[in-house]
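Laboratory data are not the source of any read-out in this text; all were calculated from the coordinates shown. Please read all numbers here as calculations on a predicted model, not as lab measurements. With ideal geometry, Cβ positions are generated from the backbone for all residues, glycine too; neighbour counts draw on all protein chains shown.
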Amino acid sequence: MTTLVAVGEENADACLPGYTHLQRAQPVLLSHHLQAHAWSLLRDVDRLFDARRRMNVSPLGAGALAGTSLPIRPEVTAKLLSFDETFANSMDAVSDRDFVAESLFDIALLGVHLSRMGEELVLWTTSEFNFATLGDDFTTGSSMLPQKKNSDVAELARGKSGRLVGNLTGLLVTLKGLPLSYNRDLQEDKEPLFDSIRQIVLVLAALNGAYQSMTFHNDVAASAADDQLLVAIDVAERLVTGGMPFRQAHQVAGGLVGRAVRENRPLSDVVKEEPDLDGYEDLFTNRVALTNRRSPGASGPVPATVQSRLIRERIVALTNRL
């Protein structure tokens, strides 16, 4: 679980929490959390480009399975139809449906990533969490409860992933026992592929609109981000910096947290009472727990700036590839 903080890498005072009453973890910038999704989606795009490269092979000239005795030139039709290359084996060209299976996998994995994003929108927009609100165009009223606002778009995005995985699984089961070369079973590749493409386009459009319609509640975020128990790992890491093995530092910090919880006291007060932890009070001020995350790829403001640049560069590279 993650605790989300800050709606922009330049503003560590505007915060968004996550799941703090389920499991306290570490604060991260909201931008860092959303960029994690961005990296997943960028890999999805990269996979689709790779799949296109492998499928861009012309099968024309393979005949029914063994080619032909006619003096054909498959490279001519391949060039006219803008294929990158021609087939090397006629039986493989006729029976191959790897390109369909790979496309269905890439789309299914993209659907899984979008489903994860949909689940977060469902969770964040509940009244219990109240981290964000979806625009009215992307929600519906309850069929029974007048006060309820349902995040239907996010739920449907989550549900569509099962359909996409099912299309992939169905085709793989169809392919698994087929002999070379063409079999009528292979006509079953069209429906799952076309359906997956239609569904993923719908989900992408819906989630794009949903995210643009969202309003984040910074006041709720700030409250959760100020949970002092989130600083426990910083206490442990400072002990490590002083030379203590992490296993021992983890045990010390855990003991302090346990004492704070049992006595229902702020962790900062418990830390102050420890003579060996003199000077640790600064960890509980000015969101040091967030700004201390400076390692490459980490969630603090400094690496967030680098990450934003890397994402923009990757988007430009993929756009140029397209």
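Worth a mention:
- Ala66-Leu322 FRET efficiency (beta carbon distance; Förster radius 41 Å; 0.05 resolution): 0.65
- Within the range 223-322, the trypsin sites (Lys or Arg not before Pro) that combine a DSSP coil assignment with at most 11 other C-beta atoms in a 10 angstrom radius are Arg294.
- In plain terms, the C-alpha convex hull of the chain casts an average shadow of 23.5 nm² when viewed from every direction.
- Springs between Cα atoms under 10 Å define the GNM used for the chain, and in it the highest mean-square fluctuation of Val288, Val153, Val231 occurs at Val288.
- Translational diffusion of the range 128-274 was estimated from the Stokes-Einstein equation, with Rh taken as the Kirkwood radius over Cα pairs; at 25 °C and 0.890 mPa s the coefficient is 117 µm²/s.
- Structure-based [θ]222 nm, the chain - -39500 (n - 2.57) summed over DSSP H runs of at least 4, per residue, nearest 500: -18500 deg cm²/dmol
- The gain in end-to-end length when the Ala38 to Ile197 segment is fully stretched comes to 55.2 nm, 0.36 nm per residue minus the alpha carbon separation.
- Likely footprinting exposure, Trp39, Trp124, fewest C-beta neighbours within 10 Å first: Trp39, Trp124
- With the simple model of a label 7 Å out from the Cα in the direction of the Cβ, Met55 to Asn89 spans 2.1 nm.
- Given the chain, longest segment not containing exposed loop GluC sites (Glu not before Pro) (DSSP; at most 14 other Cβ within 10 Å): 129-272
- With R₀ fixed at 45 Å, the C-beta to C-beta distance from Ile311 to Phe99 puts the FRET efficiency at about 0.95.
- Inter-centroid distance (Cα atoms) of the range 172-245 relative to the range 70-137, Å: 15
- Using the Karplus relation 6.51 cos²θ - 1.76 cosθ + 1.60 with θ = phi - 60°, the per-residue 3J(HN,Hα) values for the range 37-51 come to 5, 4, 5, 4, 5, 5, 5, 4, 5, 4, 5, 5, 4, 5, 4 Hz, with x marking Gly and Pro.
- Max mean-square fluctuation residue, GNM over the chain, Cα-Cα springs under 10 Å, options Ile311, Ile200, Ile72: Ile72
- Helix 246-263 vs. the chain, principal-axis angle (Cα, 0 to 90°, nearest 10): 60
- Annotation: lysines with alpha-carbon distance below 29 angstrom to Lys176 (same-chain offsets under eight excluded): Lys160, Lys190.
- Here the 3J(HN,Hα) profile of the range 150-165, calculated from phi with Karplus coefficients 6.51, -1.76 and 1.60 at θ = phi - 60°, is 8, 8, 4, 4, 5, 5, 5, 4, 5, x, 4, 4, x, 5, 5, 5 Hz, Gly and Pro shown as x.
- Relative to the current alpha-carbon distance between Glu75 and Asp137, full extension at 0.36 nm per residue lengthens the span by 17.2 nm.
- As a proxy for reagent exposure, ranking Arg163, Arg54 by other Cβ atoms within 10 Å from fewest up yields Arg54, Arg163.
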